[in-house]
Amino acid sequence: MLLTAAGCGNNGPSSEPVQTPPEIAPTIAPLGPRPQTLPLDNIDPCALLTSSQVNALHVRRGRPGVDNDGLGSRDCLWSNSPDEPDLGWVARATLRRGAEQYRNDSTEVVHIGGFPAVQASSEIQDPETHCLLMIDVAPGQSLWVQFVNMGRTYPGMNHQRACQFARQTAEDMLTNLRGLAR
């Protein structure tokens, strides 16, 4: 009787449909509250660093990029290339992907200027020479800040140090974004 109830007692196919559990959509845990909403819709990422901040980083004026991620994003690159050590920062205004979408088992949640952010490294770059921050600035939007030691020549560079550089610059960018969003 026990075998029959478990479906193991007959040799032919069962006439009753097999019920499978409903698929559960993956949920992305919220990052926590942001201190204010700073929409990126009309923000030029190259305006996120002032001239004096660019000079302090010893990089050249930002070069705007294009929407290369299919998410309506705009970016800007500041670099001191070809000087050594070869350092660069990127700011990307990601208009159609919130920071929580970048979370996975290999990321860390940090706070930048009171805003929650996902800290990560790229799968295509050496994690010892760069750091990515996706900052939750508005619903469905994130400010992507990246630091990279492109020439791998900065003394003592590692992922932790790269993230310090990224966080310091991201703080400045958030301060400037607050002024631009008014």
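Selection of strands (runs of 3 or more DSSP E) fully inside segment 45-118 by the criterion of at least 2 residues being at pLDDT below 95 and within 16 Å of THR169 (Cβ to Cβ) returns 74-79, 87-94.
Find the residue count for segment 47-80, including only residues that are among the hydrophobic types (A, V, I, L, M, F, W, C), within 19 Å of GLY179 (Cβ to Cβ) and open to solvent by less than 20 Å² (accessible area, probe 1.4 Å). Going through segment 47-80 one residue at a time, the tally reaches 5. You will find that of ARG96, ARG178, the residue that is surrounded by fewer than 19 Cβ atoms within 10 Å (Cβ to Cβ), in contact with a Ser or Thr (Cβ under 9 Å, 6 or more places away or on another chain) and not hydrophobic (A, V, I, L, M, F, W, C) is ARG96 and no other. When SER122 is tested against (1) open to solvent by 50 Å² or more (accessible area, probe 1.4 Å); (2) part of a loop (DSSP other than H, G, I, E, B), just one condition goes unmet, and that condition is (1). Can you tell me which residue within segment 98-114, out of those that are among the small types (Gly, Ala, Ser) and under 10 Å from the mean Cα position of the chain (by Cα), is nearest to HIS130 (Cα to Cα)? So, considering only residues that are among the small types (Gly, Ala, Ser) and under 10 Å from the mean Cα position of the chain (by Cα), the one nearest to HIS130 (Cα to Cα) is ALA99. Among the conditions (1) within 19 Å of PRO33 (Cα to Cα); (2) open to solvent by less than 20 Å² (accessible area, probe 1.4 Å); (3) out of contact with any Lys or Arg (no Cβ under 9 Å at 6 or more places or on another chain), ILE112 misses just one, which is (3). Annotation: of all residues in segment 125-145 being part of a strand (DSSP E or B) and small (Gly, Ala, Ser), the one that is surrounded by the most Cβ atoms within 10 Å (Cβ to Cβ) is SER142. Scanning segment 166-182 for residues that are out of contact with any Leu (no Cβ under 8 Å at 6 or more places or on another chain), within 20 Å of ALA120 (Cβ to Cβ) and touching a residue at least 24 places away in the same chain (Cβ under 8 Å) gives a single hit, GLU171.
For first residues located in segment 137-150 and closer than 17 Å to CYS46 by Cβ, partners that are open to solvent by 10 Å² or more (accessible area, probe 1.4 Å) and part of a loop (DSSP other than H, G, I, E, B) and lie 6+ apart or on another chain with Cβ distances below 6 Å do not occur.
The values are calculated or read from the model by the stated rules, or taken from the named source; none is laboratory data. Just so you know, these numbers come straight off a predicted model, no measurement behind them. Here the Cβ is made from the backbone with ideal geometry for all residues, glycine too, and neighbour counts use every protein chain on show. SASA here: full protein model, heavy atoms, side chains in, ligands and nucleic acids out. Shrake-Rupley method; radii C 1.70, N 1.55, O 1.52, S 1.80 Å.
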